[in-house]
């Protein structure tokens, strides 16, 4: 007969092994949790910090390349136009750098100051400014993640028009992580200004319409005459000089897209 209260060595060994297994499991869970926290911190903080600093340096480099920035450009929403660059918003049509009228509803308007040199793939060649968002960010050719968007830049959709040209100058940018230049895009309202600075000129667009949510495959929003193919009541029916800003929605997902549209209201040479 087994004496009461006696614990055999085999039982103690099993209990010790159980405690070691529980302790080891807990250590693994803590380690995994720390790693996940570090990954989240890297995505939400470090990538933003790196991309923003890189984008700011690129903006400064472009400004040095172009010379002294135009007074009253993207940083403060534009100033008073004069001469050949008289504002279309004052009653006339937008004019290019030569003073030729670029009819806002004419698909064959000259716009953009003549033929523009085509940027190289992933080349930063313009600066997008949105005063309401206190945003100044480089615009690069293409919407590739590694070469453009993950650098904190805004990307120009291949096949869409260039700044100031008749048609649709369409751009994409991250809403979360990697500089998230379009984080606060939903804050834009009708009448807000958007400026695009290039080596040759400064183009001012005025926000006109917003499509808060559509399919990620809704290519209609970046067509020359932008109009949603998913929600056809959103968009335009006539040729013009448009800008389209697109980003993912809602926050921290890429399931849907939102679009902000604007119309060209003025342009002036540097």
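Each value in this text was obtained by applying a stated rule to the coordinates, not by laboratory testing. None of the values given here were measured: they were computed from a predicted structure. Using ideal geometry, Cβ is built from the backbone for each residue, glycine included, and neighbour counts are taken over all protein chains shown.
Given region 190-270, report the % of alpha carbon pairs whose separation exceeds 14 Å. Pairs farther apart than 14 Å: 62 percent.
So if we plug the beta-carbon distance of residue 253 and residue 229 into 1/(1 + (r/R0)^6) with R0 = 25 Å, what FRET efficiency do we get, rounded to 0.05?
Step by step, r from the Cβ atoms, then E = 0.75.
If you stretched the chain out fully between residue 215 and residue 132, how much longer would it get, using 0.36 nm times the residue separation minus the C-alpha to C-alpha distance?
27.2 nm
Note on residue 16 and residue 117: their simple-model spin labels are 7.7 nm apart, each label 7 Å out from Cα toward Cβ. Taking label points 7 Å from Cα along the Cα-to-Cβ direction, residue 49 and residue 65 give a separation of 2.8 nm. Residues 130, 194, arranged from fewest to most other Cβ atoms within 10 angstrom of their Cβ, appear as 130, 194. Annotation: the residues 218, 251, sorted from fewest to most other C-beta atoms within 10 Å of their own C-beta, follow the order 251, 218. In summary, the convex hull built on the alpha carbon positions of region 159-202 has an orientation-averaged projected area of 4.4 nm². By the count of other C-beta atoms within 10 Å, a proxy for reagent exposure, 141, 63, 238 are ordered fewest to most as 238, 63, 141.
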